[in-house]
Amino acid sequence: MAGFLDRAKEQAQRGLTQGKQKLDDVQAQRAGGDLLKKLGTAYYEERKGTGSPDATQRALQALEAHIAANGDAFLHG
């Protein structure tokens, strides 16, 4: 009986680990999408004269830092 419980515990732990990884991936995708939106907004505002090149550059740098840390999968999905 102990062997069965050990296997069940191990399987549950593996499921929790996989679930946490999936949640982390979804959160990184969402954050990347938000940063991409901020870049688009900054660029639009710069082009229409209400924004600044500095704001666009900061948004681009934040997006690039996110891509360096998490990859660019959110750009393809």
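Bear in mind these aren't lab numbers, they're just calculated from the coordinates by the rules spelled out. Fair warning: this is a prediction, and the values are worked out from it, not measured in the lab. Note: ideal-geometry Cβ built from the backbone for every residue, glycine included; neighbour counts use all protein chains shown.
Values computed for the structure shown
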read-out	value
Sole residue being under 19 Å from residue 75 (Cβ atoms) and without any contact (Cβ under 8 Å) to a residue 40 or more places away in the chain, chosen from 17, 56, 50	56
Leading residue by the ranking (nearest to residue 71 (Cα to Cα)) among those in segment 17-30 that are surrounded by 11 or more Cβ atoms within 10 Å (Cβ to Cβ) and of a type in the set (S, T, N, Q)	29
Residue satisfying all of: in segment 31-77; over 21 Å from residue 21 (Cβ atoms) and aromatic (Phe, Trp, Tyr); surrounded by the fewest Cβ atoms within 10 Å (Cβ to Cβ) among these	44
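To keep it simple, each residue is scored yes or no on (1) in contact with a helix residue (DSSP H, G or I) (Cβ under 8 Å, 6 or more places away or on another chain); (2) of a type in the set (Ser, Thr, Tyr); (3) part of a loop (DSSP other than H, G, I, E, B).
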| site | (1), (2), (3) |
| --- | --- |
| 6 | no, no, no |
| 10 | no, no, no |
| 14 | no, no, no |
| 24 | no, no, no |
| 46 | yes, no, no |
| 50 | no, yes, yes |
| 65 | no, no, no |
